[in-house]
Structure formats: C-alpha cells, structure tokens
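Read-outs: derived from the displayed coordinates by stated rules, not from any lab. Note that the structure is a prediction, hence the values are computed from the model and not measured. Cβ sites come from the backbone with ideal geometry, for glycine too, and all protein chains shown count toward neighbours.
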Amino acid sequence: MKLQELDAPDVNRRLARGEILLIDVREPAEFAAERIAGAISFPLSSFDATKLPDPAGKAVVFHCGIGKRSMMAVNLCQQAGLPLDTHLSGGLQAWKAAGLPTISS
C-alpha cells in the first residue's frame, strides 16, 4: 500500500486554502460529538470507495481518531483501483495536540 502522511498543521493549511477534501471515516456518533470544521463524514463501517463524494479537483485526505482507520480507508481505495493515498497522521488526536480547533456538540 502506498501511503502519504500529512501532519495536522499541513492539513489545516491546505484545508484553509481549499486544496483538500477532508473525509472523516469515524462513526457518525464520533463525528457528531467532535469534528474538524470542513470535514465530511464517510464512516469506515459502511465504506464503499466507489461512492466517495466528488472531490471537485481537490486532493482527498482521510482522517479518523488516531490514524488507523484512515489508513484502512486508503487501503480500501487502492484495492478498488482509486489513486488515493493520503491521510492525516495521528488523526483527530494529533489535530487537537497541535492546538487546532474542533467543533463539539
């Protein structure tokens, strides 16, 4: 599996510039409780790489809680023949450790 890891500050900069589509593969309850602004929910439990939203020219970056599920999502995409390989290293945990904001319900 080819994997590109981005750190939280890099994802934050690229998200702010509109360069990436950030896909959160955590479960809906996790997404509802706390999420990164601009991320879209696409849970790994019902993941179908062929049904990913159109990134509209943006790079697709996956994220989860700590990075394990987002790596699994990358692997599923590659198994489906999609050239997606990027995730947020350390997930939401790394995002918060970097002092970046989240939305909480």
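For the reader, a short list of remarks on this structure follows.
- The share of C-alpha pairs in the chain whose separation exceeds 21 Å stands at 24 percent.
- Peptides ranked, highest mean first, by Cβ atoms within 10 Å: ranges 12-20, 57-65, 71-79: 57-65, 71-79, 12-20
- When only the Cβ of Lys, Arg, Asp and Glu is charged (+1, +1, -1, -1), the dipole of the chain relative to its Cα centre reaches about 80 debye.
- Between the residues A29, W95, L82, the greatest Cα displacement towards the positive end of the dipole of the stretch 4-104, with unit charges on the Cβ of Lys, Arg, Asp and Glu, is found for W95.
- Working from label points 7 Å from Cα in the Cα-to-Cβ sense, the E34 to A80 distance is 2.8 nm.
- Spin-label zone in the stretch 49-80 - amide nitrogen under 20 Å from a point set 7 Å from the Cα of T102 along the C-beta vector: 61-73
- Crossing angle, helix 68-79 versus the chain [Cα axis fit, 0-90 degrees, rounded to tens]: 20 degrees
- The GNM of the chain, with springs linking C-alpha atoms under 10 angstrom apart, assigns the highest mean-square fluctuation among S45, S70, S89 to S45.
- In this structure, the amide hydrogen of F62, modeled 1.01 Å from its nitrogen in the peptide plane, lies closer than 5 angstrom to those of I23, T86, H87, L88, counting only residues at least 5 positions away or on a different chain.
- Each stretch of four or more DSSP H residues adds -39500 (n - 2.57); spread over every residue of the chain, this sum gives -9000 deg cm²/dmol at 222 nm.
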